[in-house]
1. Just to be sure I understand the filter: pairs with C-beta atoms under 9 Å, separated by 6 or more residues or on different chains, first member in region 222-241 and among the polar types (S, T, N, Q), second member not in a helix (DSSP H, G or I). Which pairs pass?
2. Under 6 Å between Cβ atoms, at least 6 apart or on separate chains: pull out the pairs that start in region 67-85 with a residue that is on the phi < 0 side of the Ramachandran plot and end on any residue that is acidic (Asp, Glu).
3. Taking region 115-133 as the search range and keeping residues that are of a type in the set (A, V, I, L, M, F, W, C) and part of a loop (DSSP other than H, G, I, E, B), which one is nearest to residue 165 (Cα to Cα)?
4. Being farther than 30 Å from residue 95 by Cα, buried (at least 18 other Cβ atoms within 10 Å of the Cβ) and of a type outside the set (Phe, Trp, Tyr) is the requirement here; does residue 237 meet it?
5. Select, from 228, 249, the only residue that is surrounded by fewer than 21 Cβ atoms within 10 Å (Cβ to Cβ) and touching a Phe, Trp or Tyr at 6+ places or on another chain (Cβ under 7 Å).
6. Return the residues of region 1-40 that are in a loop (DSSP other than H, G, I, E, B), surrounded by 11 or more Cβ atoms within 10 Å (Cβ to Cβ) and either among the hydroxyl-bearing types (Ser, Thr, Tyr) or over 29 Å from the mean Cα position of the chain (by Cα) (or both); say none if nothing qualifies.
7. Can you pull out every residue in region 63-83 that is in contact with a helix residue (DSSP H, G or I) (Cβ under 8 Å, 6 or more places away or on another chain) and outside any helix (DSSP H, G or I)?
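The values are calculated or read from the model by the stated rules, or taken from the named source; none is laboratory data. What you see is a predicted model, and the numbers here were worked out from it, not measured in a lab. Neighbour counts are summed over all protein chains in view; Cβ atoms, including those assigned to glycine, are modelled from backbone coordinates with ideal geometry.
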Amino acid sequence: MGKVSAERVKPYLFIAPHYAFFVVFFAVPAVAAVYISFCRWDFVSSPVFVGLDNYRQILIERDGYFFGQFWAAFGNSFRYVLISVPLLVGVPMLLAVAIHPLKRFGGFFQSVFYFPYLLSVATVVLTWHWLLDRSFGVVNKAFGIDIGWTIEQPFFWIAVVVMSVWWGLGGNMVIYLAGMADISRDLYEAAELDGANAVNKFVHVTFPGLRNQLIYTTVMTTIASFNIFGQPLMFANAKNLTDDKNVLIALVQQLAFGSAQIAGMASAVAVLLGVVVMIVSIFQFRFSQ
């Protein structure tokens, strides 16, 4: 009896550290954030319950200060997601299709495209900041142009999207390469016997074979893109992060840890972001069916 009990307990012992980490660093803060979003709190005094007042100021009160801030940041984040996600999903897949057949140099190209993925956001932004510097940047000098990439629109967001795609495509590319390795060669040989060209084989063999990987990368890339923070904040410099460059996570940081320290309002913005990400993820799962 004791042995049977020990065998039952053993699996739970293996997952206990992860479960404890999840509860302490995710579940408890998430519940606390939802509660705080219904309060007025400045980190010092006791939270004061105000019901839906924070959400009303953000979503309904058009003449209010927080309404304009939220919708400007939401619009920037949403447009970034619409542009970056297709690129971060499609470009890595095309690279994987091009690299997979290579025998001699496949590993080399895989390493080249994957290397930026290992860099920190600070390294990536500083590198591109140097490349796109208005006075001394390689890009402006090489093409003979005079663009203030860090201040002018739409060039600011073009730069942010380009650096994000350059930084993140390696991770998704590796996932697609791993998925392509599991696709049976018999399917490609059968397609060739039916007279299929490279495009036909991609559409009818490779693409369906990567369905699970495509769903995973699309959902995870969307979540990561909605949570963009470091690229616009560091590229524009935090002091120059105006409404046309702001994003939702940066707005949460500004409200919570800025001079006003409006933790309740920051939590409300964070909760709304979580709801948007959840809705978009559910839609993507449904669409993939």
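1. Cβ pairs passing all conditions: 227/247; 231/247; 237/150; 240/150; 240/151.
2. Partner pairs satisfying both residue conditions: 67/61; 72/243.
3. Step one: list which residues in region 115-133 are of a type in the set (A, V, I, L, M, F, W, C), which gives 115, 118-119, 121-122, 124-126, 128, 130-132.
Checking which are part of a loop (DSSP other than H, G, I, E, B) leaves us with 119, 132.
Working: 119: 13, 132: 16 Å.
Among those that are of a type in the set (A, V, I, L, M, F, W, C) and part of a loop (DSSP other than H, G, I, E, B), it is 119.
4. Details: farther than 30 Å from residue 95 by Cα: yes; buried (at least 18 other Cβ atoms within 10 Å of the Cβ): no; of a type outside the set (Phe, Trp, Tyr): yes.
Against the criterion (farther than 30 Å from residue 95 by Cα, buried (at least 18 other Cβ atoms within 10 Å of the Cβ) and of a type outside the set (Phe, Trp, Tyr)), residue 237 does not qualify.
5. On the way: 228 fails: surrounded by fewer than 21 Cβ atoms within 10 Å (Cβ to Cβ).
Residue meeting the stated conditions: 249.
6. Pass one, region 1-40, residues in a loop (DSSP other than H, G, I, E, B): 1, 37-38.
Okay, now just the ones that are also surrounded by 11 or more Cβ atoms within 10 Å (Cβ to Cβ), so 37-38.
If the condition is that a residue be in a loop (DSSP other than H, G, I, E, B), surrounded by 11 or more Cβ atoms within 10 Å (Cβ to Cβ) and either among the hydroxyl-bearing types (Ser, Thr, Tyr) or over 29 Å from the mean Cα position of the chain (by Cα) (or both), then 37 is the only one that fits.
7. 64
Yes/no per residue for (1) assigned to a helix (DSSP H, G or I); (2) modelled with pLDDT under 90:
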{"position": "186", "(1), (2)": "yes, yes"}
{"position": "192", "(1), (2)": "yes, yes"}
{"position": "196", "(1), (2)": "no, yes"}
{"position": "202", "(1), (2)": "yes, yes"}
{"position": "223", "(1), (2)": "yes, no"}
